[in-house]
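The structure appears right after this line, and notes come after that.
The values are calculated or read from the model by the stated rules, or taken from the named source; none is laboratory data. Just so we're clear, the structure is a prediction, and the values are computed from it rather than from any experiment. Cβ atoms come from the backbone with ideal geometry, glycine included; neighbour counts cover every protein chain shown.
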Amino acid sequence: MEDAEMPDVMILGIGGGIPEAFLTPSENRRNTQTAIRDWMLGPEKPTNEPGANRQYWAALGKAMRVDEREARRRRCSNCEYYDNSVEKQVQMITIPWNEWDVNAGFRGHCTKLDFVCHDLRSCQVWEEREYEEED
Ligand code: SF4
């Protein structure tokens, strides 16, 4: 068997087509800052550790009109607007790793606020994702 050469890494859409237009790094930066400023995106240093970032989760819970414990359950990862599909992972390669990625979990695209969010964070726009039940 011949040695297969590794292909050059290219950013292609699913199926090898031309990828859809995606946000630019500067748009991502701007939209992230808007999410922090206007929609309480946080916490700044997320973690799964119980009890961590109490001030943030209590404040977010108050804004959401739920208690802190419930606010902690509401993460980007279970938000209606979190798209962490394989196709989005491919598109997000165009956004360089940055300070918001550090220890924040897996990347997803926030389809509501249009930026790269992370599964350990949350924001005031959070909405419960609807899961389809099997018949
Ligand atoms: S709207 Fe949802 S996915 Fe977007 S930043 Fe807020 S919690 Fe995360």
Assess whether ASP67 counts as being within 23 Å of GLU27 (Cβ to Cβ), at pLDDT 95 or above and not polar (S, T, N, Q). no
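For LEU113, indicate whether it is under 13 Å from the mean Cα position of the chain (by Cα), under 19 Å from ALA52 (Cα atoms) and within 16 Å of the ligand (Cβ to nearest atom). Talk me through it step by step, then tell me what you get.
Numbers: under 13 Å from the mean Cα position of the chain (by Cα): yes; under 19 Å from ALA52 (Cα atoms): no; within 16 Å of the ligand (Cβ to nearest atom): yes.
No; evaluated as a whole, the condition is false for this residue.
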Quick one: is ASP101 touching a Cys at 6+ places or on another chain (Cβ under 7 Å), of a type in the set (D, E, K, R) and free of Cβ contacts under 8 Å to residues at least 60 places away in the same chain? no
Taking the conditions exactly as written (among the acidic types (Asp, Glu), part of a loop (DSSP other than H, G, I, E, B) and at pLDDT 95 or above), does GLU2 satisfy them or not? no
Going through MET64, MET40 one at a time, which residue ends up being more than 17 Å from the chain's Cα centre (by Cα) and within 11 Å of the ligand (Cβ to nearest atom)? MET64
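Just give me the residues in segment 125-135 being more than 23 Å from THR47 (Cβ to Cβ) and either more than 8 Å from the ligand (Cβ to nearest atom) or in a strand (DSSP E or B) (or both), in sequence order. Step through it out loud before you land on a result.
Initially, segment 125-135 is screened for residues more than 23 Å from THR47 (Cβ to Cβ), giving 127, 130-135.
Scanning segment 125-135 gives GLU130, TYR131, GLU132, GLU133, GLU134, ASP135.
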